[in-house]
1. Can you list residue pairs whose Cβ atoms sit under 6 Å apart, with the first residue in region A:109-129 being in the same structural domain as A:Arg216 (by TED's automatic domain parsing) and the second being part of a helix (DSSP H, G or I) and open to solvent by 60 Å² or more (accessible area, probe 1.4 Å)? Count only pairs 6 or more apart in sequence or on different chains.
2. Looking at (1) within 26 Å of the chain's Cα centre (by Cα); (2) at pLDDT below 85; (3) closer than 30 Å to B:Asp265 by Cα, which is the one condition that is false for A:Thr239?
3. Please work out which one of (1) in contact (Cβ under 8 Å) with a residue 12 or more places away in the chain; (2) under 24 Å from B:Thr160 (Cβ atoms); (3) more than 14 Å from chain B (Cβ to nearest Cβ) is the condition A:Gly39 fails and give its number.
4. Quick check on region A:271-284: of everything there that is more than 10 Å from chain B (Cβ to nearest Cβ) and modelled with pLDDT of 85 or more, which residue is surrounded by the most Cβ atoms within 10 Å (Cβ to Cβ)?
5. Go through (1) over 20 Å from the mean Cα position of the chain (by Cα); (2) within 14 Å of another protein chain (Cβ to nearest Cβ); (3) open to solvent by 50 Å² or more (accessible area, probe 1.4 Å); (4) closer than 22 Å to A:Val110 by Cβ and name the single condition A:Ile194 misses.
6. Can you tell me which residues in region B:207-264 are acidic (Asp, Glu) and farther than 22 Å from B:Gly155 by Cβ?
7. Give the residues of region B:247-263 that are open to solvent by 20 Å² or more (accessible area, probe 1.4 Å) and either within 13 Å of chain A (Cβ to nearest Cβ) or touching a residue at least 60 places away in the same chain (Cβ under 8 Å) (or both), sorted by residue number.
8. Within region B:160-167, is there a residue that is under 21 Å from A:Pro142 (Cβ atoms), open to solvent by 30 Å² or more (accessible area, probe 1.4 Å), touching a Leu at 6+ places or on another chain (Cβ under 9 Å) and in contact (Cβ under 8 Å) with a residue 12 or more places away in the chain?
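The values are calculated or read from the model by the stated rules, or taken from the named source; none is laboratory data. Keep in mind that what you see is a predicted model, and the values were worked out from it rather than measured. Neighbour counts run over all protein chains shown; Cβ positions are idealised from the backbone, glycine included. The accessibility values were calculated without ligands, DNA or RNA, using every heavy atom of the protein model including side chains. Shrake-Rupley method; radii C 1.70, N 1.55, O 1.52, S 1.80 Å.
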Amino acid sequence: MFVILGRVLSSLGVLVAVSIVLFTLVHAIPVSPARVVLGGDASEEDIAEFERDNGLDRPVIVQYLSWAGGVMKGDLGRSLIDNTVIAVTISQTLPVTLELVLWSFCLALVIAVPLGVLSAYHEDRWIDHLARVVATLGVSIPTFWLGLMLIAWGAVGLGWFPAGGYVPWSAGAKPHLLSMTLPSVSLGLYYVAIISRMTRSSVGDVLMADHVRVSRAMGLSRGRILIYVLRNALSPVVTVAAMSFGYMFGWALIVEQVFTIPGMSRALLNAIFRRDYLVIVNVVLVITAMFLVANLIADLLYRWLDPRTAR
Amino acid sequence: MSEVVVPRLAGADRAVSRPRADWLFRFGCLIVMLSLVLMVIGPWIAPYDVGRPTDFILEPPPALRDVPRLLWLSITNAPREPVYWFGTDSAGLDIFSRVIAAPRADVAIALGANLVSLTLGSLLGLAAGVARPWIGALIMRTSDLVQAFPVFITGMILVTLAGRSIGTIILTLALLYTPIYVRLTRSEVLTQRQRGFVDAARALGRREAWIALTHVLPNAMAPALIQFSVTIGFAILMTAGLSFVGAGVRPPTPEWGLMIAAGADQIVQGEWWPSLFPGLAISITVFGYAAFGNGLERRHAA
């Protein structure tokens, strides 16, 4: 129990450290958001006034503390550029990104784990070669290009899927799922590669362990042995899967750009190009938090799967 | 683990000898060399000027069945219509020329970034392994912190805010990849510094820093050097991704990610070629670097 508490605390510590670094970083940039809001020909006085109104002339540490104090109370602040409430922006866009990531993650797991197990069981047969080709290609193909090619094939060529855009659940389950298919596939392929490779090597190692040989000698059924094998082999797979889940948020943004899905990418890209400090910091923190939570869950699963690591 | 000696199962030493893998390794070598050659001479051997539009806008590539005839014509230098092997894009630029000129941006950035992070990472990793414990802890915690940031998004932010030049992209990628090398070198340093030759050098009265740099570091570089090839592949993907979202190299530089982005609008109209070929170039190059790195790893393990 204390171990878990310690892990939660250290994750929070990482989050705070990340926020401090980010905050310092975006404030170290010479171009002020005032320039973006007021335009290129604004006078020095106008810029100074804008910075005073928005508290940008205060020392960075004071700005950080006042922002962090707001976050404690659930107030993430407002955009410097268009004065929208950042918490609202995030609560509107995060669910979309989260759904995309979840679909891709499920897709990756559903394909990768059986593929990895099969290729470990049938080493050097055609299924193993196929898995290796998928794994090597999957890490080499750029996600955004795969998305475009899927549009060219599945939307323009065959006309089965929409070429982009996001259809909400309220418009019906089928159109919604169709609109999520191509984005999920293009985001998921990379992780099919990574997770299947991990599954293969981990299952391959366990298959050579003594207890599997003994189980075979005792004449246990293949299904029963498979359960024992999976139970022992899944721990590293869970770790890799959790890290993948975290990384997916980063790459989901580029997939959203390709398919014009209204997730967090547009908010973040706009904020970056317009030097909207607070939005950048908040969005990146949300993504980092997702990554940390995924790793925490993996840690818990790990203990449950393999009580030896709990000590 | 067990006291009883059991014969190892068939395939236990599967990583060591496999002719297939060797073919992949050779393919990887070929691609790595090709990309490096194109990085140097690519823009000079391109058949058309990479910056000057031709007279044909969105000209499709020649049909597959015409390719042998056209190849023969161009080899024999016979008079013929101009050929755009990969077609032309919406600005009328020849895509083939730009695809082979792009390694000057993509491969050079990836290589530069990895050289910086290899140097920095291996020195920091060495320091983390041999210096006082608090210095080691400081270096490792800093690496943890850098790795907690989402890679692609952090890259996007840093490059945009620091100005989209090749130099800032190289430095940003170098910063993001340094922790990988720190970790690899440190763990190898921890095993190497226990070896006899270190004690021997110490017995000769050498200074600790000198021993670390000349005896420990060269012996601890292997994992980092193997990772080097694979990470160059990542860096190429990242460079192209950054320019795809508009946070990387500026147009009109010939660069694969920019070319894919420029062709993205035409995809819906059924004009697939402006995006297809640069993406294939990225995939093949990254595949080559990965295959090369995996081959090196297998050889090192054997």
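1. A:Ile127/A:Leu118
2. (3)
3. (1)
4. Per the stated criteria, the residue is A:Val279.
5. Among (1) over 20 Å from the mean Cα position of the chain (by Cα); (2) within 14 Å of another protein chain (Cβ to nearest Cβ); (3) open to solvent by 50 Å² or more (accessible area, probe 1.4 Å); (4) closer than 22 Å to A:Val110 by Cβ, A:Ile194 violates only (1).
6. B:Glu208
7. Just the residues of region B:247-263 that are open to solvent by 20 Å² or more (accessible area, probe 1.4 Å), to begin with: B:250-254, B:258, B:261-262.
The answer is B:Arg250, B:Pro252, B:Thr253, B:Pro254, B:Leu258, B:Ala261, B:Ala262.
8. Initially, region B:160-167 is screened for residues under 21 Å from A:Pro142 (Cβ atoms), giving B:160, B:164, B:166.
Narrowing the set further to residues that are open to solvent by 30 Å² or more (accessible area, probe 1.4 Å) leaves B:164, B:166.
Among the residues that remain, those that are also touching a Leu at 6+ places or on another chain (Cβ under 9 Å) are: B:164.
With the extra rule that they be in contact (Cβ under 8 Å) with a residue 12 or more places away in the chain, the set shrinks to B:164.
There is at least one residue in region B:160-167 that is under 21 Å from A:Pro142 (Cβ atoms), open to solvent by 30 Å² or more (accessible area, probe 1.4 Å), touching a Leu at 6+ places or on another chain (Cβ under 9 Å) and in contact (Cβ under 8 Å) with a residue 12 or more places away in the chain.
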